[in-house]
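The values are calculated or read from the model by the stated rules, or taken from the named source; none is laboratory data. Owing to the predicted nature of the structure, the values given are computational and were not obtained by experimental measurement. Reconstructed Cβ throughout: ideal geometry from the backbone, glycine too, with neighbour counts over all protein chains shown.
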Amino acid sequence: MELINRAINILEIFRTNRSLDGLICPHCKGEAVIRYGTYNKKQRYKCKTCKKTFTDFTNSPLNMCHFPGKWPEFLKCTIKGLSLRESARLLNVSYITLFYWRHKLLIALKNIKNTEFTGLVEVADTFLPYSLKGQKSIENRAPRTSGTKYEYLSGEKVCIIMAIDESENTASRATLNLGFNKRCVDAAIGNLVNNENTLLFNQKPAYSSFCKDKKILFYNSSIKEFNINSGRNHLNNFLNWMLRFKGIASKYTNSYLSWYKFISRLNFNDTTKGITKLIKVISTVYICEVNSSIGKQRLDIS
């Protein structure tokens with residue numbers, strides 16, 4: 001793996017991609033920026049507008065990272081789907097550090113905007129148990145019992161809505177579900193569809209209400225000529241892919257949905273070319289997350 005680190009200069013990729021249209025301040029987006037010495041072999045800059053200093057990694061997944069040179073190796077482990085502990089052994093870095101690296105990467109991918117849908121759009125949904133994995137104190141936790149199966153309109157469940165169009169462009173969103181309604185659908189795909197699209201979905205009133213409000217043509221799966229096979233298959237593929245993680249905290253579901261979208265749609269691989277491609281994608285995304293804010297993420301309530 002050391003060969004990958006030597007072959008990929010991650011700092012140079014960030015410097016090049018973030019200065020394509022001229023240097024801008026990641027804090028205030030000002031353009032009056034000057035060089036301001038170096039720190040740990042990284043060029044520092046100063047914004048004349050807000051007077052703050054920054055580097056090429058500021059407000060990126062690598063902000064305040066002590067081992068930026070190990071990120072190509074880390075991305076290779078991530079693309080291959082290795083566990084945090086196995087990746088930590090290969091990289092000689094704490095698995096707790098890699099946990100924060102992973103989630104900063106996922107937040108960057110989540111912040112990349114979706115493109116609008118074209119033509120026919122198939123929408124599928126599922127409901128998953130709400131998980132508090134990793135939380136140290138859980139208040140009012142009921143004892144573990146076996147018994148009745150889940151009824152999707154009762155209790156706390158994670159609702160995942162996933163849509164795919166004719167060009168295999170996808171979008172997805174998870175919410176904490178206390179009642180499935182058109183607001184859930186609007187939050188997931190409302191800004192990606194218009195009256196030129198046709199929606200195809202299963203038999204739930206929330207979808208038809210959403211389409212009527214948006215004045216969008218729609219069909220449901222009760223009509224024999226229409227099936228939502230592509231939407232269901234894409235959703236099932238995501239659920240199967242998630243099995244490798246042996247359960248995640250529900251608050252991180254949207255981050256994993258973004259991860260799955262990018263590895264399935266953009267075909268990243270663990271070659272030097274594939275890793276470089278992924279680094280170029282995240283180098284243009286500005287995020288403000290730090291380690292202390294990762295665990296404070298929450299699912300929106302639908």
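Data table
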quantity: Matching option when the condition is surrounded by fewer than 18 Cβ atoms within 10 Å (Cβ to Cβ) and either of a type in the set (A, V, I, L, M, F, W, C) or touching a residue at least 12 places away in the same chain (Cβ under 8 Å) (or both), among Leu90, Leu106; calculated: Leu90
quantity: Subset of the stretch 255-294 [farther than 28 Å from Asp165 by Cβ and without any contact (Cβ under 8 Å) to a residue 60 or more places away in the chain]; calculated: Thr271, Ser292, Ser293
quantity: Any hit, the stretch 217-227, residues being among the charged types (D, E, K, R) and touching a residue at least 12 places away in the same chain (Cβ under 8 Å); calculated: no
quantity: Residues of the stretch 153-192 classified as in a strand (DSSP E or B), under 15 Å from Glu122 (Cα atoms) and either modelled with pLDDT under 85 or in contact with a Lys or Arg (Cβ under 6 Å, 6 or more places away or on another chain) (or both), total; calculated: 2
quantity: Flag for Ile301 being farther than 30 Å from Leu84 by Cβ, in contact with a Ser or Thr (Cβ under 7 Å, 6 or more places away or on another chain) and β-branched (Val, Ile, Thr); calculated: no
quantity: Selection status of Ser258, under 18 Å from Asn169 (Cβ atoms) and touching a Lys or Arg at 6+ places or on another chain (Cβ under 8 Å); calculated: yes
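Residue by residue, here is whether (1) touching a strand residue (DSSP E or B) at 6+ places or on another chain (Cβ under 6 Å); (2) over 14 Å from Ala163 (Cβ atoms); (3) modelled with pLDDT under 90; (4) surrounded by fewer than 19 Cβ atoms within 10 Å (Cβ to Cβ) holds:
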| site | (1), (2), (3), (4) |
| --- | --- |
| Asn194 | no, no, yes, yes |
| Pro205 | no, yes, yes, yes |
| Cys211 | yes, no, no, no |
| Phe218 | yes, no, yes, yes |
| Ser222 | no, yes, yes, yes |
